[in-house]
Amino acid sequence: MSYFKEASIICCLVLLLFVGMGGSPAEAGKKHIIKFATLAPEGSSWMKSMRGLAEKIKKATDGNVTFRFYPGGVSGDEKDVIRKMRIGQLHGAGFTGVGLGQILPEVRVLDLPFLFNTEEEIQHIYNKMSNYYSARYEDKGFVLLGWVPVGWIHFFSQHPIRSVEDLRRSKSWMWEGDPLVEQAYKGMGVQPIPLSITDVLLSLQTGMVNTVYSSTQGALALQWFTKVKYVTRLRMGYATGGVLISKKKFDKLPQPYQSAVKKIATECLRELVQLIQEDNLKAHKVLEKNDVKWVDLPDEKEMRRFREAGVAARKNMAGKYFPSTLLDQVLNHLKEIRRPLARETIGQELVESR
């Protein structure tokens, strides 16, 4: 066999290897910059974790996949970020349920008021529904890299919110374009003031609004806690969140890089979920140190009134923003995890009664 023939065979084998890996030699060495936006401010646990994720991906791809971050809402509200992702100005972002829902309305099932009771229930639903939502987001032109829940949602206010009537009398903010909160407020007879999330702090300062809703960590990160005096202990719901990347951008990455991004994102975002839960608990103490006082509902009657509003929102949205069958599916998955817990509780009660 001649030298040239051997060289040709080797070249063919190398080309086949790269084709099998999902790209050409040139593609494997090409630099890919992922422009990533988030409302989370620099220095937050969210951004620290995302920068850690970016470093791991850079190392795994020999420096060929890097991130350029735009934190703290500098790229605008989530609807602005979505628009920029669709035209290619941005490639990825961390979203709350509001942004996720603007792309895929049916994801808001996960944000329904009073749907969850524990973090374990939430994780169970994410595990059960991730494949479904990943496929639906791909249909919309996005790749779901993972869930990053925001946390339990409370009312933060300049006057105590102990009842539905207190909420009606308040100047309540609503994230502009959020049908879920709109329906929940409608069920309580509340007339909210719709604003972009980036306008809330100034609106609290000027008195345009005096009541907002957020996780405890979110209230700290966005500095809203500096403009309120009270936080209602009532947990209205659990705010979902997730990380998306444009499918168009993702598909340009060679197959080995796609696999690396997905694997590392899954690991890092799972750790971030735990960190956010811990940060929300730590935020309780920070609020107390800053004289933000916790407020309890007076009785079970008021709790029922809030819950009835949640049920009303659920009914009004089913069949419009998400299929009723999807809600049924989520509720059935919740029954799966609640039945064993109920049996365990009953069994423990029997033991204790003996």
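The values are calculated or read from the model by the stated rules, or taken from the named source; none is laboratory data. Given the structure is predicted, the values throughout are model-derived calculations rather than measurements. Using ideal geometry, Cβ is built from the backbone for each residue, glycine included, and neighbour counts are taken over all protein chains shown. The accessibility values were calculated without ligands, DNA or RNA, using every heavy atom of the protein model including side chains. Shrake-Rupley method; radii C 1.70, N 1.55, O 1.52, S 1.80 Å.
Just a few scattered comments:
- Selected residue (only one of ALA239, ALA265 is in contact with a helix residue (DSSP H, G or I) (Cβ under 7 Å, 6 or more places away or on another chain), open to solvent by less than 90 Å² (accessible area, probe 1.4 Å), within 25 Å of ASN117 (Cα to Cα) and hydrophobic (A, V, I, L, M, F, W, C)): ALA239
- Residues within region 62-90 that are more than 26 Å from LEU201 (Cα to Cα), open to solvent by less than 60 Å² (accessible area, probe 1.4 Å) and polar (S, T, N, Q), tallied: 2
- Looking only at residues of region 1-55 that are of a type outside the set (A, V, I, L, M) and in contact with a Cys (Cβ under 7 Å, 6 or more places away or on another chain), we find that the one that is modelled with the lowest pLDDT is SER49.
- If you filter region 135-183 down to residues that are among the hydroxyl-bearing types (Ser, Thr, Tyr) and closer than 17 Å to ALA219 by Cβ, you find that the one that is most open to solvent (accessible area, probe 1.4 Å) is SER170.
- Selected residue (criterion: farthest from SER215 (Cα to Cα)) from residues of region 246-284 that are of a type in the set (Asp, Glu) and assigned to a helix (DSSP H, G or I): GLU267
- Selected residue (only one of VAL107, VAL200, VAL212 is touching a helix residue (DSSP H, G or I) at 6+ places or on another chain (Cβ under 7 Å) and either surrounded by fewer than 22 Cβ atoms within 10 Å (Cβ to Cβ) or more than 27 Å from VAL74 (Cα to Cα) (or both)): VAL200
- The set of residues from region 53-70 being β-branched (Val, Ile, Thr) and assigned to a helix (DSSP H, G or I) comprises just one member, ILE57.
- Residue match in region 168-179 (condition: more than 28 Å from PRO41 (Cα to Cα) and at pLDDT below 95): no
- Positions within region 51-79 being touching a Gly at 6+ places or on another chain (Cβ under 9 Å) and either free of Cβ contacts under 8 Å to residues at least 12 places away in the same chain or within 17 Å of TYR257 (Cα to Cα) (or both), in sequence order: ASP62, ASN64, PHE67
- Pairs meeting the criteria (first residue in region 299-327 and touching a residue at least 24 places away in the same chain (Cβ under 8 Å), second residue among the β-branched types (Val, Ile, Thr) and assigned to a helix (DSSP H, G or I), beta carbons under 6 Å, at least 6 apart or on different chains) are ARG305/VAL164; PHE322/VAL109; LEU326/VAL109; LEU327/VAL109.
- Annotation for region 269-280: no member residue is over 17 Å from the mean Cα position of the chain (by Cα) and open to solvent by less than 20 Å² (accessible area, probe 1.4 Å).
- Close pairs from region 247-268: first β-branched (Val, Ile, Thr), partner buried (at least 16 other Cβ atoms within 10 Å of the Cβ), Cβ under 6 Å, at least 6 apart: VAL261/ILE57; ILE264/LYS56; ILE264/ILE57; THR266/GLY146
- The listed residue being out of contact with any Leu (no Cβ under 6 Å at 6 or more places or on another chain) and modelled with pLDDT of 90 or more, out of LYS227, LYS289: LYS289
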